[in-house]
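The values are calculated or read from the model by the stated rules, or taken from the named source; none is laboratory data. Treat the numbers as computed from the prediction; the structure is a model and nothing was measured. Glycine also receives a Cβ, built like all others from the backbone with ideal geometry; neighbour counts cover every protein chain displayed.
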Amino acid sequence: MQDIKQIIMGLLLLAGSLASCVKDPKDIPPAVTESPDFGMEANFGNEAIDIAAGTDQWTMLPVVDHQDSLDVFTAIFSKDGCLDQCQSSWTFHFFQALPDEADPAIDFTNTIKPGEKQLVLSDQELDSFDIQLSTHPGLFMSGFSFWDDLTGPTTYFPQFGTVLGYQDSLGVCFQSLAYTGCQYSQCVYFDPSTLIPCIVSIDAQVGAQNYVSLSVRPQGTPPFTYQWHNEASSQSIVVRLQDSVSVADIYAGVIVTDALGNRAELLQTIRYQDGFVDACYFPINLSSQHIDNTLASNFANRVDITYIDEQGVTWRSTAGIQPPDARVHIDQVFAYGISPLGQETSSADVSIKAILVSTKTGEEKLFETSRLTIALSHL
């Protein structure tokens, strides 16, 4: 990247020294201030913007970069040919995922063509979570044990795994019929952004005079709320058995919700026999690992915008949530010529409406163009 910058800057100086020479239009590089073809008229909040390359030292620069499995076609309005962290500057990135055998020309024409583009969404909208659930029931396990994804028809056994987006939620149940005859079902409802699920188990103890005490052992973020099948709202309840009974199945159901809104719904049988209780127990483990917003699929065929103002404050289209009517539209594209680096260069008319957010204060401003003509090229 640094080599490209140095080459472009050297060529800009060379182009300036040859300004008095007569040039064929195809030899005029877009990365010079003398070109009047590129400019922007827009509103940023209540501020009117009028930029024309060639005035007030403004320069229109096309830069091509590779980031992991992405091609990034970049147009920069800046002062005096600045390329990185320019103050002030406007930068427009057009992302395209690279196929296995990428043809730069085809990749460019697939990305820079008339039509709608999507804005790269904010980190919160794009970040995701790798969810893994497992249990180790030991002798309780039977062939009737499985995970059931409540958002689809798929069942998993013996483990469950999925990837959830930031605003997605998980609903999954583990169900089993143990060898002892104990029926068990625990459903977990989980917001992955909280990272800590709510999972429960029931502790059963025999009391005097044919009473069995059932207590919930919750995991998650306290305080918890409890709702038993008999509408009790305490952590523990007492179940009375019939007099002189030697064997009985107790059907227990409880819903537990933690302070983060995650909840678990447990339904199971508890076997009472000759003064002892057998409550089948399946220790459920849930891990939620954050996946950063770096996957090429999160950026492919999308656009983002960065503005650095005169005070050095950065405003970005990816720092907040975009409104439903946000848009990027490439109105027309036509060949502009060959750049000094030997790159095919195109001129693109683009219209944009987006919210830019200050990364310093969180302030939001509406950015809307009435005219935007930029230069883009490919290797």
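Some notes on this structure:
- Any chance D325 is surrounded by fewer than 21 Cβ atoms within 10 Å (Cβ to Cβ), part of a strand (DSSP E or B) and not aromatic (F, W, Y): no
- In the range 174-195, residue nearest to the chain's Cα centre (by Cα) [restricted to those that are among the β-branched types (V, I, T) and over 22 Å from D278 (Cα atoms)]: T194
- Single residue of V22, V32 found to be assigned by TED's automatic domain parsing to the domain that holds A300, modelled with pLDDT under 60, farther than 17 Å from I305 by Cβ and in contact with a helix residue (DSSP H, G or I) (Cβ under 7 Å, 6 or more places away or on another chain): V32
- All positions within the range 300-328 that are farther than 18 Å from F44 by Cβ and not hydrophobic (A, V, I, L, M, F, W, C): N301, R302, P324
- Looking only at the range 230-255, and only at residues there that are of a type in the set (V, I, T) and under 51 Å from the mean Cα position of the chain (by Cα), the one that is surrounded by the most Cβ atoms within 10 Å (Cβ to Cβ): V254
- The single condition among (1) assigned to a strand (DSSP E or B); (2) buried (at least 17 other Cβ atoms within 10 Å of the Cβ) that A335 does not satisfy is (2).
- Screening T314 against (1) more than 21 Å from Q87 (Cβ to Cβ); (2) surrounded by fewer than 20 Cβ atoms within 10 Å (Cβ to Cβ); (3) of a type in the set (S, T, Y) leaves a single unmet condition, (1).
- Exclusive hit being among the acidic types (D, E), out of contact with any Phe, Trp or Tyr (no Cβ under 6 Å at 6 or more places or on another chain) and part of a loop (DSSP other than H, G, I, E, B), set D56, D65, D71: D56
- Residues of the range 274-287 satisfying the condition of being part of a strand (DSSP E or B), modelled with pLDDT of 85 or more and over 32 Å from the mean Cα position of the chain (by Cα): F276, V277
- Members of the range 202-226 that are touching a Gly at 6+ places or on another chain (Cβ under 9 Å) and at pLDDT 95 or above: none
- Residue match in the range 288-296 (condition: in a loop (DSSP other than H, G, I, E, B), of a type in the set (S, T, Y), touching an Asp or Glu at 6+ places or on another chain (Cβ under 8 Å) and modelled with pLDDT under 95): yes
- Pairing residues of the range 144-159 that are in the same structural domain as Q132 (by TED's automatic domain parsing) with residues that are of a type outside the set (K, R) and assigned to a loop (DSSP other than H, G, I, E, B), at Cβ distances under 6 Å and at least 6 apart in sequence or on separate chains, gives F146/F157.
- Flag if G171 is farther than 21 Å from V277 by Cβ and touching a helix residue (DSSP H, G or I) at 6+ places or on another chain (Cβ under 9 Å): no
- Selection over the range 121-155 of residues that are surrounded by fewer than 19 Cβ atoms within 10 Å (Cβ to Cβ), among the aromatic types (F, W, Y) and at pLDDT 80 or above gives a count of 1.
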